[in-house]
């Protein structure tokens with residue numbers, strides 16, 4: 001697995017943990033995490049993550065900020 005992909009997967013695991021702690025009540029966040037997870041399953045782990053995949057991850061992270069604070 002590519003080191004960049006490994007770092008990306010770690011970030012996704014954090015979002016997934018947050019989702020399991022009650023983020024499912026916020027539909028856009030849950031959908032964003034799901035979209036990232038689907039993209040990772042279909043991605044090539046031997047190459048750096050695509051710009052599309054990074055964009056999906058950043059969108060999910062942006063939606064997660066409300067859950068981290070409150």
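Please treat every number below as a calculation from the coordinates, not as lab data. In this text, all values refer to a predicted model and were calculated from it rather than measured experimentally.
Structural remarks
- For the chain, calculated [θ]222 nm from helices alone, where every DSSP H run of n ≥ 4 adds -39500 (n - 2.57): -25500 deg cm²/dmol
- Both radii are taken from the alpha-carbon atoms of the chain; with Rh as the Kirkwood radius, Rg/Rh is 0.98.
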